[in-house]
Amino acid sequence: MCGIIGYTGSRNAAEILINGLEKLEYRGYDSAGIAVFDGDKLNVCKEKGRLENLKILLKKHPVNGNSGIGHTRWATHGAPSKINSHPHTSMNGKISVVHNGIIENYREIKVFLEENGYKFISDTDTEVVPNLIDFYYEGDFLCAVKKAVKQLNGSYALGIICSENKDELIAVRKDSPLIIGIGENENFIASDIPAILSETKKVYFLNDNEFAVLTSSKITVTDFDNNIIEKEIHEVSFSETDAQKGGYEHFMLKEIHEQPKAVNDTLRGRLNSDLNLLLDFINKEFLTTVNKIYIIACGTAYHAGLVGKTVIEKLAKIPVFAELASEFRYNNPLVDKNTLVIAVSQSGETADTLAGVRLAKTMGAKILSISNVVGSTLTRESDYVFYTYAGPEISVASTKAYTTQLTALYLFAVYLAETKNTVLSSELDIVKKDLLSMPKTIENVLKLEEKIKLISNKIFNEKDMYYLGRGLDYAVAMEGSLKLKEISYIHSEAYAGGELKHGPIALIEDNTVVIAISTNKNLSSKMESNIKEVATRGAYTIAFVNEDTNCIHSLCDEIVVLPAKCTLLTPISTVVPLQLLAYYVAKNKGYDIDKPRNLAKSVTVE
Ligand code: F6R
């Protein structure tokens, strides 16, 4: 959730750092800062709040110099404030550090350093790092960094500079992402690719405990024992404009509209028009031994997992447990060598998902990750990887990541069913055909935008809204409700239709908004009963139905008929109008849709 950028070269470092930090704003932050060498002087400029504040400061006090580090902070240890923001500098001003992650043993290091005469000014865990490096510094910068890092417990991506080695920038990571950008007579570090995409497309992915020393002309990567590590250059395939808004008012709206293409990209090269699956990413022999699957994920990715559970069970006839990654570890999961754990994560950096994966591995499970970020920590720690290829998702509220995760899970379910021969191939062909037509279906559903906008105009002032659904519609209702609360700050819950009478119906009074999702013709009569139950108690009902779902139109205050048919794949098209509804409700309220309060794009701490 914090962002790191670093630069060494011959251009104005402050400008490059600020530019890079702007590209990382989507991650969520509460303060920002840079440290740049200006001749012999180390200039550290920090401000609480938006980057704009830092830019105003830099306008008043311009900073020159050709190498430096920058950071956007999202508070974990110590409140958001100027003093707690990064970079943090050693007491004597020699070493400056930007850090993502958490130093778990910072208290004992602090005591150790205080006993050795060091004084601290912030409440952060990070401040121990520059001071510890300074403690070990005897003229060899890298050696001091390695000694200090050896003493750190926890997770970290660090960018470090030293006033006695002004042309060097050191980067190291453990359990927190960090990449190296390779330029012409200049080099970069960043926590995320968009930060440096306008400068270079050539990157190295740093692994845990690899130390990179960057000068303007050279990058050397070594391990703790000073062995040189040869890194492979990766060419980033998406362009900078891909990471921009492309004419839409918000990234979220752009990403909602990108879904036909994103789903198509997930399918491309994996399912051809002859209905042949071209998947070979997982060992078939192993698959035949799998007798249980856990899907672990957080938030939106977990909601995708709930759909995945139903679909895999239906097609591949294997028990699947969809669990919140943050709970998985504490629930004594029954994992062994015949278990496949599917970890779903857009970013591939979510701390809880990674922790679940690591536990499952120690218990003998094989890990299949479904992720959007090539080279992310999750993908590197997995046995098998299925990339969603949705392109960068900048909006904090996830949309295209969800629909592409669903697409990946459907593809996997079909693949597993085919491998295990659990259903008739004619049945699988129907699912495959529906998958291939899904980009077009989503395109058609997006045409409902104007209608959704009008509905949002009527309800955006409400305090509470409830979502109802049955079967797969219930999983989609959960995602619709999460989208609404994330960006509009309206209290919202999703309930399974059958649960209504067991408590939630007590909440219904005159004009309570109830959003009923009824896309399954086999369950629509039951949903009709639910709609009646809330309508007679005064609810304002909005129903989302498929064109082949029976629904008494006169029963609902609003009805949205999706140009889609009831199939196993319905969740992919049904979620789209719910995303639009959340978007337009939040827009009516005038909120910062791409950067909702208190939220961050990737949650790399527990
Ligand atoms: C919701 C949202 C979050 C993420 C969750 C997991 O819009 O974006 O709920 O889905 O934090 O993130 P990833 O998929 O990166 O593991």
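Here are some notes:
- Selected residue (only one of Ile318, Ile295 is among the aliphatic types (A, V, I, L, M), within 16 Å of the ligand (Cβ to nearest atom) and closer than 13 Å to Ala413 by Cβ): Ile295
- Test: residue in the stretch 68-79 that is under 29 Å from Lys218 (Cβ atoms), modelled with pLDDT of 95 or more and more than 22 Å from the chain's Cα centre (by Cα): yes
- If the condition is being among the small types (Gly, Ala, Ser), open to solvent by less than 10 Å² (accessible area, probe 1.4 Å) and more than 16 Å from the ligand (Cβ to nearest atom), then the stretch 548-606 contributes Ala564, Ser573.
- Condition met for Thr353 (under 29 Å from Thr76 (Cβ atoms) and assigned to a helix (DSSP H, G or I)): yes
Here is a yes/no grid of residues against (1) open to solvent by less than 10 Å² (accessible area, probe 1.4 Å); (2) more than 22 Å from Asp134 (Cβ to Cβ):
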site	(1), (2)
Asn43	no, no
Gly49	no, yes
Glu52	no, yes
Val97	yes, no
Ile109	yes, no
Glu114	no, no
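- When residues of the stretch 29-41 are limited to those that are crowded, with 22+ Cβ neighbours inside 10 Å and within 26 Å of the chain's Cα centre (by Cα), the one nearest to Gly159 (Cα to Cα): Ile34
- In the stretch 412-461, the residues that are open to solvent by less than 70 Å² (accessible area, probe 1.4 Å), more than 25 Å from Val320 (Cα to Cα) and in a loop (DSSP other than H, G, I, E, B): Leu448, Phe460
- In the set (1) open to solvent by less than 30 Å² (accessible area, probe 1.4 Å); (2) under 26 Å from the mean Cα position of the chain (by Cα), Glu323 fails one condition alone, (1).
- Any hit, the stretch 328-347, residues being open to solvent by less than 20 Å² (accessible area, probe 1.4 Å), within 14 Å of the ligand (Cβ to nearest atom), modelled with pLDDT under 95 and closer than 27 Å to Ile196 by Cβ: yes
- Some residue of the stretch 533-541 being more than 16 Å from the ligand (Cβ to nearest atom), among the aromatic types (Phe, Trp, Tyr) and open to solvent by less than 20 Å² (accessible area, probe 1.4 Å): no
- Criterion: touching an Asp or Glu at 6+ places or on another chain (Cβ under 7 Å), away from the ligand (no atom under 16 Å from the Cβ) and at pLDDT 95 or above - qualifying residue of Leu428, Leu411: Leu428
- Failed condition for Cys143, given (1) without any contact (Cβ under 8 Å) to a residue 12 or more places away in the chain; (2) part of a loop (DSSP other than H, G, I, E, B): (2)
- Residue tally, condition in a helix (DSSP H, G or I) and not hydroxyl-bearing (Ser, Thr, Tyr), over the stretch 547-606: 17
- Residue ID - farthest from the ligand (Cβ to nearest atom), chosen from residues in the stretch 269-292 that are part of a strand (DSSP E or B) and either aromatic (Phe, Trp, Tyr) or surrounded by fewer than 18 Cβ atoms within 10 Å (Cβ to Cβ) (or both): Leu277
- A Cβ distance below 7 Å, combined with a sequence gap of six or more or placement on separate chains, defines the contacts here; from the stretch 78-90, residues that are on the phi < 0 side of the Ramachandran plot and open to solvent by 40 Å² or more (accessible area, probe 1.4 Å) reach residues that are modelled with pLDDT of 95 or more and of a type outside the set (A, V, I, L, M, F, W, C) in the pairs Lys82/Lys46; Lys82/Glu47; Ile83/Ser122.
- Pairs where the first residue, in the stretch 451-465, is in the same structural domain as Ser488 (by TED's automatic domain parsing) and the second is surrounded by fewer than 20 Cβ atoms within 10 Å (Cβ to Cβ) and of a type in the set (Asp, Glu), C-beta under 6 Å, 6+ apart: Ile455/Glu558
- Screening the stretch 397-411 for residues that are open to solvent by less than 10 Å² (accessible area, probe 1.4 Å) and not in a helix (DSSP H, G or I) and picking the one that is farthest from Tyr29 (Cα to Cα) gives Thr399.
- Scoring Ile318 on the criteria (1) surrounded by 21 or more Cβ atoms within 10 Å (Cβ to Cβ); (2) touching a residue at least 60 places away in the same chain (Cβ under 8 Å); (3) of a type in the set (A, V, I, L, M); (4) in contact with a Leu (Cβ under 8 Å, 6 or more places away or on another chain) leaves a single failure, condition (1).
- Tally, over the stretch 547-566, of residues that are touching a residue at least 12 places away in the same chain (Cβ under 8 Å) and farther than 19 Å from Gly480 by Cβ: 6
- Residues in the stretch 247-288 that are among the hydrophobic types (A, V, I, L, M, F, W, C) and without any contact (Cβ under 8 Å) to a residue 60 or more places away in the chain: Leu278 only.
- Candidates Phe251, Phe286, Phe224, filtered to the one that is over 23 Å from the mean Cα position of the chain (by Cα) and modelled with pLDDT under 95: Phe286
- Every listed requirement among (1) within 16 Å of the ligand (Cβ to nearest atom); (2) assigned to a helix (DSSP H, G or I) is met by Ala494 save one, (2).
- Residue check, Gly375 within 16 Å of the ligand (Cβ to nearest atom) and either β-branched (Val, Ile, Thr) or open to solvent by less than 10 Å² (accessible area, probe 1.4 Å) (or both): no
- From the options Glu127, Glu138, residue that is surrounded by fewer than 18 Cβ atoms within 10 Å (Cβ to Cβ) and closer than 20 Å to Cys162 by Cα: Glu138
The values are calculated or read from the model by the stated rules, or taken from the named source; none is laboratory data. Bear in mind that the values here come from a model prediction, so they are computed numbers and not experimental data. Every residue, glycine among them, receives a Cβ derived from its backbone with ideal geometry; neighbour counts consider all protein chains shown. Protein only, heavy atoms only, side chains kept; ligands, DNA and RNA dropped before computing areas. Shrake-Rupley method; radii C 1.70, N 1.55, O 1.52, S 1.80 Å.
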